[in-house]
1. Quick one: pull the percent of accessible area on the range 80-224 belonging to carbon and sulfur, 1.4 Å probe, ligands and nucleic acids left out.
2. Accessible area per residue, 1.4 Å probe, Å², for the range 113-157: what's the number?
3. Which order, highest average first, do 106-115, 202-211, 56-65 follow once you tally other Cβ atoms within 10 Å for each residue and take the mean per peptide?
4. Going by a ≥ b ≥ c, the root eigenvalues of the Cα gyration tensor, does the range 145-184 fall in the rounded group (a/c under 1.5), the prolate group (a/b larger than b/c) or the oblate group?
5. If Asp197, Asp175 are ordered by their accessible area, calculated over protein heavy atoms with a 1.4 Å probe, which sequence runs from highest to lowest?
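The values are calculated or read from the model by the stated rules, or taken from the named source; none is laboratory data. All of these numbers come straight from a predicted model, not from anything done at the bench. So basically every Cβ, Gly included, is an ideal-geometry build from the backbone, and we count neighbours across all protein chains shown. For the accessible areas, the whole protein counts, side chains as well, though only heavy atoms, and no ligand, DNA or RNA atoms are used. Shrake-Rupley method; radii C 1.70, N 1.55, O 1.52, S 1.80 Å.
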Amino acid sequence: MSTPRREPAGRSRLVLLAGVGILVLYLAGAAVSGRASILARRPLLDGLAPPTPYRWVKPPRELAAGNKPPASTRFTVELTANGSRLGAFSTSDGQINLVLSEGAVPARSGQTGVQVTVDPVDPATLGPVPAGLVGAGNAYRVQASYRPSGRRVETLAGQSSVALVYPLLTTAVADAGGHQVLSSADGRTWEPQQSTDTPGSHQVSARLARTGYLQVGVAPSAGGSGSDPRNRILLLASGVAVLVVVTALALRFRESRAAPRGGGGRRRR
């Protein structure tokens, strides 16, 4: 009667150590993947797929070769006796999305529609963002006018909203979930809007109360790229995980060297 084969103790240790290494790395990623509040953290696997390359008006030098120009858009919303109809629109590259609520633009005698244009702008040609923030990505100019008169629309009623996609920055940020929509009537002075940031899809949204200029702002890390404590935690944990895996491989190698080599059955006399 055959005895069930038992796994070698060395192999069990190998599996255990590899599992510990993976667990350490996972927990480190979970620790830095969300904001300070545990309730605000998102799933660790959210957004692991690489994002679509951001399209810059004026890209950083290292990204210039592969950059594609960002898209503009133009659309017309029907105007009724109760004002403009509900509409949702975006540029073809998906970097800015607008939702105009029902009645966002009031009715006007003799007018049949509202034309909206969205154009990307180099933020370097505009005023600086508020102190304590850095810009992330392009600025956009949103304009609206009645048709057929061409009279400009400057305010939007209801719960109209905008969502902006932002790029990953080389500058370390204080909070990966702290991006804000900045709004400006003239492109010179900016006002941060109450925003909802979704780091997994690199997108931030806010209420849109007027036409004008928009861009994304975020607070940089106080001490530069090396000072973010979450980066240090992840770096340390990654080092521990690598050490555990290397130790497991070393044990496996030693076990394979110590094991007797196969070589046939018993020798005959």
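1. Reported share for carbon and sulfur atoms: 50 percent.
2. 44
3. Ranked by mean Cβ neighbours within 10 Å, highest first: 202-211, 106-115, 56-65.
4. Judged from the Cα gyration tensor, the range 145-184 comes out prolate (a/c at least 1.5, a/b above b/c).
5. From most exposed to least exposed: Asp175, Asp197.
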